[in-house]
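The values are calculated or read from the model by the stated rules, or taken from the named source; none is laboratory data. In this text, all values refer to a predicted model and were calculated from it rather than measured experimentally. Every residue, glycine among them, receives a Cβ derived from its backbone with ideal geometry; neighbour counts consider all protein chains shown. For the accessible areas, the whole protein counts, side chains as well, though only heavy atoms, and no ligand, DNA or RNA atoms are used. Shrake-Rupley method; radii C 1.70, N 1.55, O 1.52, S 1.80 Å.
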Amino acid sequence: MTAVEEAITRAHRDEWARVVASLAKRFGDLDIAEESAAEAYATAVERWPADGVPPNPGAWLTTTANRKAIDRIRRENKRDDKQKEAQMSYDDQPEPLGVIDDERLRLIFTCCHPALAMETRVALTLRMVGGLTVPEIARAFLVQETAMGQRITRAKAKIKAARIPYRVPAAEDLPSRVSGVLAVLFLVFNEGYLATSADTDPVRHELTAEAIRLARLIRALLPADGEVAGLLALMLLTEARRTARVSQSGELVALDQQDRGAWDPTMIAEGHDLVRERLATRRPPGRYQILAAINAVHTSARDVRDTDWSQVVALYDQLARIDHSPIVALNRAIAVAELDGPEVALAIIDGLDDKLSAYHAYHATRADLLRRLGRSRESRAAYDAAIEHAANTAEIAYLTRRRDQLA
């Protein structure tokens with residue numbers, strides 16, 4: 001890759017959200033913002049190799065994109081003259097400001113508006129904020145490119161038709177709206193961390209990396225928000241283990257079997273710093289902060305035998321008080337098994353059957369506990385159920401080997 005190509009790639013990564021957000025604010029139209037930004041980058045690909053990389057790539061791209069938008073508006077006859085004149089003269093209309101006034105943050109909250117379905121929020125955020133192309137997003141979530149394009153188009157049309165405001169929510173609405181944004185990013189990260197289809201790689205680094213990048217952006221914009229810091233820490237401490245999670249043969253490697261020397265020490269150090277920073281505030285932690293703290297305990301142990309399971313159980317107890325999900329109860333039971341033995345944990349897990357009977361991790365956990373108790377026939381049946389409900393190829397390979405060892 002040439003120096004100019006590297007500059008264009010870097011500008012796309014660093015400036016896309018800023019350029020699109022600036023256009024969305026000025027012209028009030030996500031279609032114009034997206035297409036004009038894309039045209040500006042296409043122009044950069046044509047001109048920068050001959051003219052050289054401009055001193056301020058972001059400013060060059062924003063100016064070029066604004067000109068592209070104005071040219072498009074001039075070609076259209078659907079807008080009344082007064083509106084066109086206002087837009088082309090860059091005369092922004094005054095509007096209510098949120099608790100934080102940043103154009104990129106406005107764009108994120110617009111894309112993650114609760115009026116949109118969750119799958120639509122994910123797609124729109126990856127396109128408008130992350131700068132991923134429609135084919136890239138379609139591949140990430142294993143849908144047809146045309147279907148993904150239609151999904152994004154409908155989302156932008158709904159935002160326009162419903163007149164969803166392009167602004168950061170007011171202070172009283174910010175906590176609930178931030179949680180929706182974080183849920184979108186967590187969904188993107190989880191799909192990369194453990195892909196839910198057999199038709200793709202078991203671990204999708206491009207998705208985990210993008211989720212982390214967007215979480216860093218929100219962290220920079222909302223540095224005092226504990227759950228933003230917690231989610232970023234959780235992602236970093238999870239991603240740090242990525243290279244050790246799948247064997248060369250394509251099989252999932254359980255946490256207790258991973259080569260801890262292969263974990264990324266830089267990511268772990270940053271994640272631990274974020275966890276300690278939140279603990280120092282002495283404020284009640286939210287869900288992501290507690291999950292990050294649990295992962296900090298795991299990544300602090302040089303060997304699985306050094307894991308402080310009593311602390312892990314205590315953190316899950318704390319999490320269960322604010323999140324009554326049966327999955328939290330399942331994960332807590334896994335820690336209880338290390339502290340009080342598999343029989344105690346199995347009694348807890350068996351009480352979750354009506355809620356988690358279609359969840360592969362429930363059956364996989366139950367299979368492991370039954371194996372440890374010497375109940376091989378029941379364990380094998382539980383492995384069969386886990387394999388039936390699993391979709392990730394690395395997980396299926398791991399579960400199959402564990403089941404076959406029982407024979």
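If R0 is taken as 56 Å, the Cβ-Cβ distance between Met118 and Asn56 corresponds to a FRET efficiency of 0.90. Partners of Lys156 within straight-line reach, counting aspartates and glutamates whose Cα lies under 16 Å from its Cα and excluding those fewer than 8 residues away in the same chain: Asp29, Asp31, Glu34, Glu35, Glu119. Once the cut-off is 27 Å, how many percent of the Cα-Cα pairs in the stretch 157-305 end up in the long-distance tail? Roughly 29 percent, once rounded to a whole number.
Segment Asp353..Ser300, full-extension length gain: 15.8 nm, with 0.36 nm per residue of separation and the alpha-carbon distance subtracted. The smallest convex shape that holds all Cα atoms of the stretch 1-60, its convex hull, gives 72 Å³ per residue. With q set to 0.21, 0.22, 0.24 Å⁻¹, the log10 of I(q)/I(0) for the stretch 266-325, from the Debye formula over equal scatterers at the Cα positions, is -0.85, -0.92, -1.04.
Helices in the chain, meaning DSSP H runs of at least 4 residues, each add -39500 (n - 2.57). Divided by all residues, the mean residue ellipticity at 222 nm is -22500 deg cm²/dmol. Computed across the stretch 282-386, the Kirkwood hydrodynamic radius from all distinct Cα-Cα pairs reaches 14.4 Å. List the GluC sites (Glu not before Pro) in the stretch 111-183 that DSSP assigns to loop (not H, G, I, E or B) and whose Cβ has at most 15 other Cβ atoms within 10 Å. Which are they? Taking the stretch 111-183 and a limit of 15 other Cβ atoms within 10 Å, the loop GluC sites (Glu not before Pro) found are Glu172. For the chain, the longest principal axis of the alpha carbon atoms and the long axis of helix 205-221 meet at an angle near 60°.
Loop-resident trypsin sites (Lys or Arg not before Pro) (DSSP state other than H, G, I, E or B) in the stretch 286-393 with no more than 14 further Cβ atoms inside 10 Å of their Cβ: Arg302. Binning at 20 Å from 0, report for the chain what percent of all alpha-carbon pair distances ends up in each bin. Reading the bins upward from 0: 23, 52, 22, 3. Calculated on the alpha-carbon coordinates, the convex hull of the stretch 216-284 measures out at 104 cubic angstrom per residue.
Modelled spin-label separation between Trp309 and Arg13, with each label point placed 7 Å from Cα along the Cα-to-Cβ direction: 4.1 nm.
Measuring r between the beta carbons of Val4 and Arg67 and using R0 = 25 Å, the FRET efficiency lands at 0.70. For the chain, a simple Cβ point-charge model (Lys and Arg +1, Asp and Glu -1, everything else neutral) yields a dipole of about 560 debye relative to the Cα centre. Largest to smallest in accessible area, the residues Thr43, Thr400 fall in the order Thr400, Thr43 (1.4 Å probe, all protein chains included). Put a dot 7 Å past the Cα of Ala224, heading toward its Cβ, do the same for Glu172, and the two dots end up 1.9 nm apart. Computed from label points 7 Å out along Cα-Cβ, the spacing between Glu145 and Thr243 is 3.3 nm.
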